Amino acid sequence: MSNYYKYNFISPEPVYSTIKEELKSYFDTGAIDDLLFPTYLDKALKKLGRTTYAINEEILFIEDFQARLPDNFYAVREAWLCTEIPGYPYQSANSFYSQAATASTIQVSPVISNGVPCNNSQCTTGCPDCMPNLVQAVYKTNNQIARSFTHNYLLKPGNISAQKNCSVEYTSNWEMSQGAPTIREFTPGSASYDSFDIRDNKFVTNFRNGVVHLLFYATEYDGMGNQLIPDNYRIREYVEAFIKFKMFETLTNQINDETFNQIQQKMMYHKQLYEEAFVMADIEMKKQTVWDKQRRIKNDLNRFNMYELPNRTNRYGRRRNN
């Protein structure tokens, strides 16, 4: 599973309030309003890309080749098929000795009296002939621990175009086929055997039942119904500049006290600010985190490890860092 940086998300209401206060005269006269603020916010976030959306995790239980997606689903980041392969159980190294017979026990010392096994049923209640020389039975218990192996397979996006009620005969044909199977043999109408498709708010796969660990981009909202934005200074400044630019673009299509040249100059000024803020926000989104830098350093150190001789012992103080 890949690594990713997860932003904290906040409500855009502070950004909306700042815009309304700075353009107060236009809002008071009714020349512009905040009706399209959510639409402008959605456009601004889509221009930055999917990194401005929250990354959530969900476990999907596939039944009859499909599973319902979450309500806040926007796009798939990763889809992992989780499978469990049972293995042979192994016996515990510890033993437990007791005087009571339970499951999976072995009697290591029988009940005897004077060298002869005592079969008297009254021994449990008290036998005067057996009690002086009675040896209590001892049971040895060894437990077995079940084990299994978990395999994760990264599913690939593909065009499955499967019908709702489809058979699985092609999977058995693929397993029994000789040689390398073709795509049409084991995945009719799809890209590959381990592919998935998204349609009708459903996650569609080629296997009938299974468990999928889904990492997806989600759209989250606050209590007022506003889409949340990343808690990042550059992104907030970009969203504010973009909405201001759209406000003055709206004013150029209306009749007001200012001349067209005055409104156009203000629009071009805010367009320049918005484009500069977009560049800074885009650079901020592409910056490496501390963990990314550590992984890059380790990859650079281990880049030429495959070319070393297997019997080499002197590494001049270097060692593998993976």
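List of remarks:
- Among the conditions (1) under 17 Å from Y26 (Cβ atoms); (2) in the same structural domain as Q66 (by TED's automatic domain parsing), the only one that F207 does not satisfy is (1).
- Residues in region 23-46 that are part of a helix (DSSP H, G or I) and closer than 19 Å to S11 by Cα: F37, P38, T39, Y40, L41, D42, K43, A44, L45, K46.
- Residues in region 23-50 that are modelled with pLDDT under 90, buried (at least 17 other Cβ atoms within 10 Å of the Cβ) and within 17 Å of Y7 (Cβ to Cβ): L48 alone.
- Extreme residue, surrounded by the fewest Cβ atoms within 10 Å (Cβ to Cβ), among residues of region 1-22 that are among the small types (G, A, S) and part of a loop (DSSP other than H, G, I, E, B): S2
- Some residue of region 205-214 being over 30 Å from A67 (Cα atoms) and touching a residue at least 12 places away in the same chain (Cβ under 8 Å): no
- Selection from region 223-258 of residues that are among the hydroxyl-bearing types (S, T, Y) and either in a loop (DSSP other than H, G, I, E, B) or touching a residue at least 60 places away in the same chain (Cβ under 8 Å) (or both): Y238, T250, T252
- Condition met for D257 (surrounded by fewer than 12 Cβ atoms within 10 Å (Cβ to Cβ) and either within 30 Å of Y16 (Cα to Cα) or modelled with pLDDT under 85 (or both)): yes
- Checking each residue in region 30-50 for being on the phi < 0 side of the Ramachandran plot and without any contact (Cβ under 8 Å) to a residue 12 or more places away in the chain picks out D33, L35, T39, K46.
- Any chance F73 is among the aromatic types (F, W, Y) and touching a Phe, Trp or Tyr at 6+ places or on another chain (Cβ under 6 Å): yes
- Scanning region 64-89 for residues that are of a type in the set (D, E) and in contact (Cβ under 8 Å) with a residue 40 or more places away in the chain gives D64, E78, E84.
Every residue, every condition in (1) within 35 Å of the chain's Cα centre (by Cα); (2) under 14 Å from F242 (Cα atoms), yes or no:
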{"position": "N3", "(1), (2)": "yes, no"}
{"position": "K6", "(1), (2)": "yes, no"}
{"position": "E13", "(1), (2)": "yes, no"}
{"position": "K24", "(1), (2)": "no, no"}
{"position": "F27", "(1), (2)": "no, no"}
{"position": "I32", "(1), (2)": "no, no"}
{"position": "F37", "(1), (2)": "yes, yes"}
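- Flag if Q272 is assigned to a helix (DSSP H, G or I), modelled with pLDDT of 75 or more, within 20 Å of R236 (Cα to Cα) and polar (S, T, N, Q): yes
The values are calculated or read from the model by the stated rules, or taken from the named source; none is laboratory data. Worth saying up front: this structure is predicted, and the values here are computed from it rather than measured. Methodologically, a virtual Cβ is constructed for each residue, glycine included, from the backbone with ideal geometry; neighbour enumeration extends over all protein chains shown.
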